[in-house]
Amino acid sequence: GENVEQHPSTLSVQEGDSAVIKCTYSDSASNYFPWYKQELGKRPQLIIDIRSNVGEKKDQRIAVTLNKTAKHFSLHITETQPEDSAVYFCAAPLGFNKFYFGSGTKLNVKP
Amino acid sequence: GAGVSQSPSNKVTEKGKDVELRCDPISGHTALYWYRQSLGQGLEFLIYFQGNSAPDKSGLPSDRFSAERTGGSVSTLTIQRTQQEDSAVYLCASSLVVLTGELFFGEGSRLTVL
């Protein structure tokens, strides 16, 4: 069925290590793949996005990679810091009238 | 306003009552989305409005849920005969670009059904 699957659901890393979160999507026509960060008690906010015409995009310590053939995309955070601790959501448009989010990954960066 | 505005921020109601949640999107944003987030859970897609087009209501969890968007701007999510399982934060978001642009979320309306 139509969905966006995300894993892992929780991820604990030591400060300074890298974190990788992966998502798969079902609609081969999807062409936009954002990542949102939601801190405790706050609204989700966009941190990075990628469109289907590129395979990778970087913004300082975060990067997103896209494999359209396999229908998956990943968020990479390098040199993690305690303030990176939050829930991260991937998302993708499915069809012409839906925009689905993954189930979320709770990232804990241990100082 | 500068951002997406939602009201009320908190609503406590008794089981069986109707509630209305309001979303005022960023001016000029043609796309408007409603999501439901239960405690510690992900974002469940409810409905999406694009301009004045009729929305796809298939994401609404039951026929007790309905949503309208008047004049392509303000939207209201109505839940009739509320149940305890309706308790959640209802998030509204708007975007300038349809389905391929950044979503700007409101602070959400926290609904508690006793």
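Read-outs: derived from the displayed coordinates by stated rules, not from any lab. These figures come from a predicted structure and were not determined experimentally. With ideal geometry, Cβ positions are generated from the backbone for all residues, glycine too; neighbour counts draw on all protein chains shown.
Observations
- Straight-line cross-link partners of B:LYS17 among the lysines, defined as a Cα under 25 Å from its Cα and at least 8 positions apart when in the same chain: B:LYS57.
- Close amide H contacts of B:LYS17 (hydrogens built in the peptide plane, cut-off under 5 Å, sequence separation of 5 or more or a different chain): B:THR82.
- Residues A:TYR25, B:TYR33, arranged from fewest to most other Cβ atoms within 10 angstrom of their Cβ, appear as A:TYR25, B:TYR33.
- Stokes-Einstein diffusion coefficient of the protein assembly as shown, Kirkwood radius over Cα pairs, 20 °C, 1.002 mPa s, in µm²/s: 119
- For q = 0.17 Å⁻¹, Debye-computed log10 I/I(0) when each Cα of the range B:1-106 counts as one equal scatterer: -0.75
- Linear extension gain, A:LYS42 paired with A:GLN14, 0.36 nm per residue minus alpha-carbon span: 7.7 nm
- For chain A, relative contact order (Cα pairs under 8 Å, six or more residues apart, normalised by length) works out to 38 percent.
- Grouping the Cα pair distances of chain A into 10 Å bins from zero gives a pair-distance distribution of 15, 49, 29, 6, 0 percent in increasing distance order.
- FRET efficiency for A:LYS57 and B:THR76, using Cβ-Cβ distance with R0 set to 35 Å, rounded to 0.05: 0.45
- Taken about its Cα centre, the protein assembly as shown carries a charge dipole of roughly 140 debye when the Cβ of each Lys and Arg holds +1 and the Cβ of each Asp and Glu holds -1.
- Sequentially through the range A:52-69, phi angles give Karplus couplings (6.51, -1.76, 1.60; θ = phi - 60°) of 6, 8, 10, x, 8, 9, 10, 8, 6, 8, 10, 8, 10, 10, 10, 10, 5, 5 Hz, Gly and Pro residues having no value and appearing as x.
- Partner shielding of A:62-73 amounts to 0, given as the average count of beta-carbon atoms from other chains within 10 Å of each residue beta-carbon.
- Here the Karplus relation 6.51 cos²θ - 1.76 cosθ + 1.60, evaluated at θ = phi - 60°, turns the backbone of the range B:83-100 into coupling constants of 10, 4, 6, 7, 4, 4, 9, 9, 9, 10, 9, 10, 8, 7, 9, 5, 6, 9 Hz, with x for every Gly and Pro.
- Summarising the amide proton neighbourhood of A:ASN108: residues at separation of 5 or more, or on other chains, whose placed amide H is nearer than 5 Å comprise A:LEU11, A:SER12, A:VAL13.
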